[in-house]
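Every number in this text was worked out from the coordinates using simple rules, so none of it is lab data. Remember, predicted model here, so these are calculated numbers, not experimental data. Glycine also receives a Cβ, built like all others from the backbone with ideal geometry; neighbour counts cover every protein chain displayed.
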Amino acid sequence: MAEVLQVEFARPLGPDSRRSYTLPSRYYTDPAIFELEREKIFYRSWMYLCHASEVARPGDYLAGSILDQDVFVVRDRSGQLRAYYNVCQHRAHRLVEGSGTIKAAITCPYHAWAYGLDGQLRTARNSDGVEGFDKSQFSLKPVRVEVLCNLVFVNLDDEAIPLARQAPNLEADICRELPFWNDLTLTETYDFGGRAMEAGWKVVIDNYVECYHCEVAHPQFCDIISMPTYENTIDGITARQKGWDVRHDNSAYRLARDARMPHSLFWYVWPTTTINVLPGDGDLLIVTAVPVNHLATRFISYRFSPDGKPDSEDRRNYLENVLGTEDMLLCESVQRGLFSRGYDQGRFIVDSEDSGVGEHVVHHFHRMVREALDDQGSEPNRSL
């Protein structure tokens, strides 16, 4: 696998979104590029793992993964949050599954090697008689962990720039826009039965970060959220869409006039985390796009509520069976089209105001992808 990606750009993907062309289709169709993304994007980026409330007490842990790399976070006895690769240093068995509370030590279910919450090997059965055995050589391998606005992110890159520096205004923006943020309770986690969308992760993000398609492809969405005042702004490795003007009498779902959340907000955090709030009672979805391979993506959704109640039936039906289905069909059609010999690069549609219905954030995303894959390890937003 090449260390630096070499792809011919027939037309420039330049710094000016109004004059720029998209990534060539090979970025979406070549499995070798996905393998490069694995190393240069997913193993070097801050990935959402859980909400801090899920690991609130000493000993609480939660296991997750970054593609094929299993990790877990655990709260130590002093209250510090730690993260490790989820692998025993003896014979590589996975240490923990799911979530729970560790009472004494992290004990491997294979040969019962036991580790403290600080990652140090405490006991290795029958090792006292092993010549030259040194417990200090077999500590768990740590993973970078950072909490931003009660959201727990992990990063496999020891040299990664802190998330708080890459997204310097995200926490303040969330807390300002969602005054009930600290009252949110996790009510549900689901992955749609593990079903995957037949579209690669970049097609999914392309679709998420623009609303140029909304008036054409999401008529009910545009019936509840007015497009003329729609906003879409970029900040570091994040972007935010905001729909100010909301119609209570709409065809999407019932919306009370005294709704706690009077508008819509959608945050994107590079590379695959989204935070989503539709008008209503304040229910919030954190959705992570999980690449299966270069042609398929599955989704893990975390639903939060300020009152601990499940989402209303009609709004959930709209999200999953109307809006979600519309986006799935769009993305799958695009992924098929990217293999066409009649297509390579498109042109971004960006107006002079960078309005909410333009594609300037897609351009920003494409530039981050290109820089991450072309460069020898710099952060994706360093020169954007």
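Sum up the charges of everything whose Cβ sits under 14 Å from the Cβ of Val87, counting Lys and Arg as +1 and Asp and Glu as -1, but leave Val87 out. Can you show the working numbers first?
Numbers: positive: Arg91, Arg94, Lys141; negative: Asp68, Asp70, Glu97.
Summing Lys/Arg as +1 and Asp/Glu as -1 gives 0.
Step through the residues of the stretch 186-191 one at a time and calculate ³J(HN,Hα) from phi using the Karplus curve (6.51 cos²θ - 1.76 cosθ + 1.60, θ = phi - 60°), rounding each to whole Hz and writing x for Gly and Pro.
For the stretch 186-191, the Karplus curve yields 5, 10, 6, 10, 8, 10 Hz.
Taking the Cβ-Cβ separation of Glu231 and Tyr343 as r and a Förster radius of 51 Å, what is the calculated FRET efficiency to the nearest 0.05?
Details: r = 30 Å, r/R0 = 0.59.
That gives a FRET efficiency of 0.95.
Using alpha carbon centroids, what distance separates the stretch 88-110 and the stretch 154-210, in Å?
The stretch 88-110 and the stretch 154-210 have Cα centres spaced 27 Å from each other.
Net charge within 11 Å of Ser312 by Cβ-Cβ distance, Lys/Arg positive one each and Asp/Glu negative one each, not counting Ser312 itself?
Working: positive: Arg254, Lys309, Arg315, Arg316; negative: Asp281, Asp283, Asp311, Glu313, Asp314.
Charge balance in the 11 Å sphere: -1.
Spit out the partnerless Cys residues in the chain, using Cβ distances under 4.7 Å as the pairing rule.
Unpaired cysteines in the chain: Cys50, Cys149, Cys175, Cys222, Cys331.
Go through the stretch 1-83 and name the trypsin sites (Lys or Arg not before Pro) that are in a DSSP coil and have 14 or fewer other Cβ atoms within 10 Å of their Cβ.
Working: sites: Arg18, Arg19, Arg26, Arg38, Lys40, Arg44, Arg75, Arg77, Arg82; in loops: Arg44, Arg77.
Passing both the DSSP loop test and the Cβ count: Arg77.
Given the Cα-Cα distance of Asp134 and Arg19 and 0.36 nm per residue of separation, how much length would full extension add, in nm? Walk me through the numbers before you get to the answer.
Working: separation 115, 0.36 × 115 = 41.40 nm, distance 6.05 nm.
Full extension from Asp134 to Arg19 adds 35.3 nm.
Kindly express, to the nearest 10 degrees and within the range 0 to 90, the angle between helix 324-337's C-alpha long axis and the longest C-alpha principal axis of the chain.
90 degrees
Which residue, Trp267, Trp181, Trp201, has the most motion in a Gaussian network model of the chain that connects Cα atoms within less than 10 Å?
Sorting by GNM fluctuation, first place goes to Trp181.
Each residue of the stretch 53-62 in order: what ³J(HN,Hα) in whole Hz does its phi give by Karplus 6.51 cos²θ - 1.76 cosθ + 1.60, θ = phi - 60°, with x for Gly and Pro?
Calculated HN-Hα couplings, in order: 5, 6, 9, 7, 9, x, x, 5, 9, 8 Hz.
Assuming R0 = 45 Å, what is the FRET efficiency of Glu97 and Cys175, from their Cβ-Cβ distance, to the nearest 0.05?
Between Glu97 and Cys175 the formula returns 0.85.
For the residue pair Ala259 and Lys141, what label-to-label distance in nm results when each label sits 7 Å from Cα along the Cα-to-beta-carbon direction?
Here the modelled spin labels are 4.6 nm apart.
May I ask for the angle, rounded to the nearest 10°, between helix 360-374 and the longest principal axis of the chain, with both axes built from Cα atoms and the value confined to 0 to 90°?
Between helix and principal axis, roughly 40 degrees.
Tell me, what ³J(HN,Hα) does each residue in the stretch 307-316 have, in order and in whole Hz, if you take phi through Karplus 6.51 cos²θ - 1.76 cosθ + 1.60 with θ = phi - 60° and put x for Gly and Pro?
Karplus-based 3J(HN,Hα) across the stretch 307-316 equals 10, x, 8, x, 5, 5, 4, 6, 6, 5 Hz.
On a straight-distance basis, which lysines could pair with Lys242 in a cross-link, Cα separation under 23 angstrom, same-chain partners fewer than 8 positions away excluded?
Reachable lysines: Lys202.
Which trypsin sites (Lys or Arg not before Pro) in the stretch 179-268 sit in a loop by DSSP (not H, G, I, E or B) and have at most 15 other Cβ atoms within 10 Å of their own Cβ?
Values: sites: Arg195, Lys202, Arg240, Lys242, Arg247, Arg254, Arg257, Arg260; in loops: Arg195, Arg247, Arg254, Arg257, Arg260.
Hits after loop and neighbour filter: Arg195, Arg247, Arg254, Arg257, Arg260.
Could you give the nm distance between label points at Ser251 and Ala10, where each point is 7 Å from its Cα heading toward the beta carbon?
3.8 nm
Tell me, how many Å apart are the Cα centres for the stretch 282-312 and for the stretch 246-276?
Between the Cα centres of the stretch 282-312 and the stretch 246-276 lies a distance of 14 Å.
Please compute the modelled spin-label separation between Asp191 and Ala104, points set 7 Å along Cα→Cβ, answer in nm with one decimal.
Each label point is offset 7 Å from its Cα along the Cβ direction, giving 3.2 nm.
Could you tell me which chymotrypsin sites (Phe, Trp or Tyr not before Pro) in the stretch 282-368 are loop residues by DSSP with no more than 14 other beta carbons within 10 angstrom of their beta carbon? Before the final figure, lay out each step's value.
Details: sites: Phe299, Tyr302, Phe304, Tyr318, Phe339, Tyr343, Phe348, Phe365; in loops: Phe339, Tyr343, Phe348.
Taking the stretch 282-368 and a limit of 14 other Cβ atoms within 10 Å, the loop chymotrypsin sites (Phe, Trp or Tyr not before Pro) found are Phe339, Tyr343.
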